[in-house]
Amino acid sequence: MPVSDSVDRESGTETGGEETPDGLPINELFHSLQGEGTLAGVPSTFVRTSGCNLRCWFCDSYHTSWEPTHAWLGLEEILAEIGTRDADHVVLTGGEPLLHQESVDLLEALDERGYHTTVETNGTIYRDAPIDLASISPKLESSTPTPERAPADADAGEWETRHERDRIDVDTLARLVETYDVQLKFVVTDGDDMPEILELLDDLRDAAAVPIRDDDVLLMPEGATRERLAETRTRVADLAMEHGFRYTPRLHVDLWNDAPET
Ligand SMILES: C[S@@+](CC[C@H](N)C(=O)[O-])C[C@H]1O[C@@H](n2cnc3c(N)ncnc32)[C@H](O)[C@@H]1O
Ligand SMILES: Nc1nc2[nH]cc(C(=O)O)c2c(=O)[nH]1
Ligand code: SF4
Ligand SMILES: [Mg+2]
């Protein structure tokens, strides 16, 4: 299903009202290899919902956050599309997929059908759902859309404040790590990001009733393009080795650069 370049129906979460029942705003749905994290390389079907409660300046899924577009698909339509792909792993991503109550229904239906589910989330929203891997990417200060960093054509104004206010919620993160198998996947540019990661891990380890292993912590280089990744990845790999955390590549960027549906 190609990237949607329009909005075919208003989403409740975007208008501040109730979500329209039975369905989700879908930006794209495609088959690829999981490009990030502990399951990198696994053939997977990606379902990308539209709409996000944050606005990272570097967001590689601009059409789900800064300029959200979608086609509204019913759950049965989404399941049928997934069924046509030859993969038993499904990655629910966005935007922020846990904004939508209907994501829980989709995850339940996928679980009933025997799929392995990964949810890519910024970790600011908790929902109770059958999630096999919660792939949490807490957003660091370096993601905030300051005037210097915000996309040139974007209406950044109030988003700088909202992003900074909402990007970290330790209690929600603790609940997620207590409930699900998790990976904590930090987007890193350079060593300046490390003190904040270490401090957040300290806070989270204090707050959570389960251990968080260094093995559950992944450093991922910032970069939506091959050119940008070439600048960041060696530095980030060195930081991972220095701190005893994992490094994750962005295989899809290496393979297909920033092409849609990859
Ligand atoms: C588009 S987000 C959607 C899921 C959720 N909103 C989140 O941020 O985790 C999917 C993944 O891409 C990562 N990401 C987005 N833009 C990136 C960039 N420019 N460089 C590296 N990772 C990026 C996010 O941190 C997240 O792990
Ligand atoms: N191949 C591929 N792997 C991914 N892993 C997480 C992604 C995401 O955007 O959430 C993603 C993506 O967009 N493409
Ligand atoms: S939280 Fe995820 S989808 Fe939202 S702006 Fe940041 S990277 Fe993009
Ligand atoms: Mg992506």
### Summary
Selection from the range 236-262 of residues farther than 19 Å from ASP214 by Cβ and either modelled with pLDDT under 95 or assigned to a helix (DSSP H, G or I) (or both) yields LEU251, HIS252, VAL253, ASP254, LEU255, TRP256
### Query
For the range 40-67, how many residues meet the condition of being of a type in the set (S, T, N, Q), away from ligand 4 (no atom under 12 Å from the Cβ) and in contact with a strand residue (DSSP E or B) (Cβ under 8 Å, 6 or more places away or on another chain)?
3
### Message
So the check is Cβ under 9 Å with 6+ separation or different chains; which pairs have a first residue in the range 129-152 that's more than 15 Å from ARG167 (Cβ to Cβ) and a second one that's surrounded by fewer than 17 Cβ atoms within 10 Å (Cβ to Cβ) and among the hydrophobic types (A, V, I, L, M, F, W, C)?
### Response
ALA129/VAL104; PRO130/VAL104
## Note on the structure
All-but-one check, GLY83 against (1) within 16 Å of ligand 3 (Cβ to nearest atom); (2) more than 20 Å from HIS252 (Cα to Cα), failing number (1)
### Query
Out of (1) among the small types (Gly, Ala, Ser); (2) within 16 Å of ligand 3 (Cβ to nearest atom); (3) over 29 Å from HIS70 (Cβ atoms), what's the single condition that is false for ALA209?
(2)
### Candidates LEU39, LEU54, LEU79 - the one that is farther than 14 Å from PRO260 by Cα, touching a residue at least 12 places away in the same chain (Cβ under 8 Å) and near ligand 2 (Cβ under 10 Å from one of its atoms)
LEU39
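The values are calculated or read from the model by the stated rules, or taken from the named source; none is laboratory data. Just so it is clear, the structure is predicted and the values come from calculations on it, not from any experiment. Cβ coordinates were reconstructed from backbone atoms using ideal geometry, including for glycine residues, and neighbour counts include every protein chain displayed.
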